[in-house]
Amino acid sequence: MYHLIHGIFHLLSLLPLRVLYLMSDGLSRFAFQILRYRRRVVLENLRMAFPEKSEAERRQIAVRFYRNFTDMVMDGIKVLTMSDRELSQRFIIRPELQAAFDRCIRSGKSYQIHAMHNFGWEIVNLGVSRALDIPFLGVYMPIKNGAFERIFRKVRVRYGTVLLPATDFKNRFSEVERRYADRNYLLALVADQSPGRPEDAWWLNFFGVPTGFIHGPEKAARDRKLGVIFGYFYAVERGRYSFDIEIVTEDSSTTPEGQLTLAYARYIEANVRRDPANYLWSHRRWKHGYRPEYAGRALELLNGIS
């Protein structure tokens, strides 16, 4: 099965990206109109996030979201055979981004990037790992299909990214920490998923809705005295991506508990409001509702809670 899937993807990846994006246009319409892939979840999420928008406006965002989603699929196929030269054209390293990376490298400190569910992560991962002179660690969710996991894992480590499966993060990260005990590193993770244990989450207003945020990323950074960076990647134009980062603190242990999570939520919301279709609305961000017993985990006065 692996060789069959790999062979099909390899052949597709040889097509020009403009052809793949034509395929993406058709696939996005099929996913939204015919297959209706997670359409109810997408539209409900948009309704909760943007109640002030009309149904027609939210539908337009959804249509753009599906095209971004299928573009991401095509990007993932294209990177199988993308040359170094083409990657340099597809990932734009602006001078201020390179300066921030250089600052992190020179500091001798390790940093944790709190990224978010934006589109373009296959190309951005390769572009960032290629640009860094220190180990780049990426936390990711393994693909359930073994053949797909094998294919994309091979692509993602092309420039040395050290992949840490979220399903076994604690053990794998301990091994990596021992390996890089005398070196600083950059650890990237996506920390805006719905919490598995809402009773342990931090609760705050996100798009005006009481929302649980996982506490683990902040706790890990504070325990290890890591610097924290917020990151947002986006399409400069179709097929070309860039990455904005904000260095929030050089030492997380000096920040009050919960402050980083609250600032991170504000960072996400500001970027999503600027470009709503660049967020992964197909995941259930509001899976868990707030309960009175979570009051001790609230970081602010929650909207609609008496």
Name the single residue, out of those in the range 89-129 being small (Gly, Ala, Ser) and without any contact (Cβ under 8 Å) to a residue 40 or more places away in the chain, that is surrounded by the fewest Cβ atoms within 10 Å (Cβ to Cβ). Ala99
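From the set of residues in the range 135-161 that are of a type in the set (A, V, I, L, M) and surrounded by fewer than 18 Cβ atoms within 10 Å (Cβ to Cβ), which is modelled with the highest pLDDT?
Going through the range 135-161, the residues of a type in the set (A, V, I, L, M) turn out to be 137, 139, 141, 143, 147, 151, 155, 157.
In the following step, the residues that additionally are surrounded by fewer than 18 Cβ atoms within 10 Å (Cβ to Cβ) were identified as 141, 143, 147, 157.
Working: Met141: 89, Ile143: 87, Ala147: 89, Val157: 93.
Per the criteria, the residue is Val157.
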Need the failing condition index for Asp244 against (1) out of contact with any Ser or Thr (no Cβ under 9 Å at 6 or more places or on another chain); (2) under 30 Å from Glu122 (Cβ atoms); (3) buried (at least 20 other Cβ atoms within 10 Å of the Cβ), just the number. (3)
Which one of these is of a type outside the set (A, V, I, L, M, F, W, C), crowded, with 18+ Cβ neighbours inside 10 Å and out of contact with any Asp or Glu (no Cβ under 9 Å at 6 or more places or on another chain): Asp192, Asp168, Asp223, Asp200? Asp192
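Yes/no matrix, rows are residues, columns are (1) aliphatic (A, V, I, L, M); (2) over 29 Å from Pro217 (Cα atoms):
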position: Val42; (1), (2): yes, no
position: Arg47; (1), (2): no, no
position: Lys53; (1), (2): no, yes
position: Ala56; (1), (2): yes, yes
position: Met82; (1), (2): yes, yes
position: Arg106; (1), (2): no, no
Could you please find all residues in the range 270-306 being surrounded by fewer than 17 Cβ atoms within 10 Å (Cβ to Cβ), assigned to a helix (DSSP H, G or I) and either touching a residue at least 40 places away in the same chain (Cβ under 8 Å) or among the hydrophobic types (A, V, I, L, M, F, W, C) (or both)? Ala270, Glu293, Ala295
Restricting attention to the range 156-195, the residues that are farther than 24 Å from His283 by Cα and of a type in the set (A, V, I, L, M, F, W, C) number exactly 6
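The values are calculated or read from the model by the stated rules, or taken from the named source; none is laboratory data. Bear in mind the structure is a predicted one, so any value in this text is a computation, not a measurement. Every residue, glycine as well, gets a Cβ built from its backbone with ideal geometry; the counts of neighbours run over all protein chains shown.
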